[in-house]
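Everything below concerns the one structure shown next.
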Amino acid sequence: MRFWKGLFCVCAMAGLSLPAAAQMKIESSDIAEGVQMNLPQIRAECRIRGKERGTNTSPALAWSGAPEGTKSYAVTMLDPMDDTHYFWHWIAFNIPATTTALPPGASGTAMPEGAAEGMNDYGTRGYGGPCPPRGSTHRYIFNVWALDVPELSLSGDVTGAQIRPQLQLHSLGKATLTARYEN
């Protein structure tokens with residue numbers, strides 16, 4: 001500890017700064033920070049304005065800046081309903097550390113070998129797009145978790161409430177993108 005304090009003092013006196021820790025980032029060609037989600041990502045069964053329907057297509061996601069020691073990834077999408085309850089829309093885990101992107105529509109059809117998808121709060125496996133009540137706007141938080149284990153020993157029936165403690169326990173870092181949808 002003294003070494004780091006000493007190094008910080010020497011750098012500060014010399015007008016230098018320490019290198020910043022790598023920060024994970026997430027990008028998508030389908031969704032953007034703070035922006036209304038596109039129709040393909042919306043749940044197909046959702047009653048939306050107009051006659052068009054969503055297609056429940058998981059968005060393309062790409063991430064970078066994983067911390068050293070990352071052995072796998074998990075991807076989650078949740079809607080923070082209030083301070084204590086989340087609606088889980090997507091749980092994917094055991095994504096190999098060599099994977100840094102998922103194509104659009106990966107859920108259920110094009111997940112990397114070895115990856116698993118858990119149960120969303122609609123009661124189905126894989127991606128479940130937004131479908132807030134008419135007249136409301138909800139936030140949808142996409143997280144990519146860098147994990148310190150090659151796999152989580154969980155079944156494909158795992159729920160958000162069950163996986164969350166494991167993600168927090170094994171997390172080395174996390175990238176977040178928050179989109180919204182107004183119905």
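Yes/no per residue for (1) at pLDDT below 95; (2) of a type in the set (Gly, Ala, Ser); (3) part of a loop (DSSP other than H, G, I, E, B):
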{"site": "105", "(1), (2), (3)": "no, yes, yes"}
{"site": "132", "(1), (2), (3)": "yes, no, yes"}
{"site": "140", "(1), (2), (3)": "no, no, no"}
{"site": "162", "(1), (2), (3)": "no, no, no"}
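Please work out if residue 150 is in contact with a helix residue (DSSP H, G or I) (Cβ under 9 Å, 6 or more places away or on another chain), assigned to a loop (DSSP other than H, G, I, E, B) and closer than 25 Å to residue 70 by Cβ.
no
Go through segment 81-100 and give me each residue that's surrounded by 14 or more Cβ atoms within 10 Å (Cβ to Cβ) and either over 21 Å from residue 158 (Cβ atoms) or hydrophobic (A, V, I, L, M, F, W, C) (or both).
87, 88, 90, 91, 92, 93, 95, 97, 100
Output the residue which, of all residues in segment 126-172 that are of a type in the set (Gly, Ala, Ser) and crowded, with 18+ Cβ neighbours inside 10 Å, is nearest to the chain's Cα centre (by Cα).
The qualifying residue nearest to the chain's Cα centre (by Cα) is 146.
Mind counting the residues in segment 157-183 that are more than 27 Å from residue 67 (Cβ to Cβ), touching a residue at least 40 places away in the same chain (Cβ under 8 Å) and touching a strand residue (DSSP E or B) at 6+ places or on another chain (Cβ under 7 Å)?
3
Every residue in segment 25-80 that is assigned to a loop (DSSP other than H, G, I, E, B) and open to solvent by less than 20 Å² (accessible area, probe 1.4 Å), please.
Once the filter is applied, which keeps residues that are assigned to a loop (DSSP other than H, G, I, E, B) and open to solvent by less than 20 Å² (accessible area, probe 1.4 Å), segment 25-80 yields 31, 37, 42, 46, 48, 54, 58, 59, 60.
Would you confirm whether or not segment 85-97 contains a residue that is under 20 Å from residue 180 (Cα atoms) and at pLDDT below 95?
Yes, segment 85-97 has at least one match.
If only one of 182, 113 is open to solvent by 50 Å² or more (accessible area, probe 1.4 Å) and touching a His at 6+ places or on another chain (Cβ under 9 Å), which one is it?
182
So in segment 68-84, with the set limited to residues that are among the polar types (S, T, N, Q) and in contact (Cβ under 8 Å) with a residue 12 or more places away in the chain, which one is nearest to residue 177 (Cα to Cα)?
76
Out of all the residues in segment 116-125, which are surrounded by 14 or more Cβ atoms within 10 Å (Cβ to Cβ) and either among the acidic types (Asp, Glu) or part of a loop (DSSP other than H, G, I, E, B) (or both)?
117, 118, 120, 121, 122
The values are calculated or read from the model by the stated rules, or taken from the named source; none is laboratory data. This structure is a prediction, so every number in the text was calculated from the model and none was measured. Cβ atoms come from the backbone with ideal geometry, glycine included; neighbour counts cover every protein chain shown. These area figures cover heavy atoms from the full protein model, side chains too; ligands, DNA and RNA do not enter into them. Shrake-Rupley method; radii C 1.70, N 1.55, O 1.52, S 1.80 Å.
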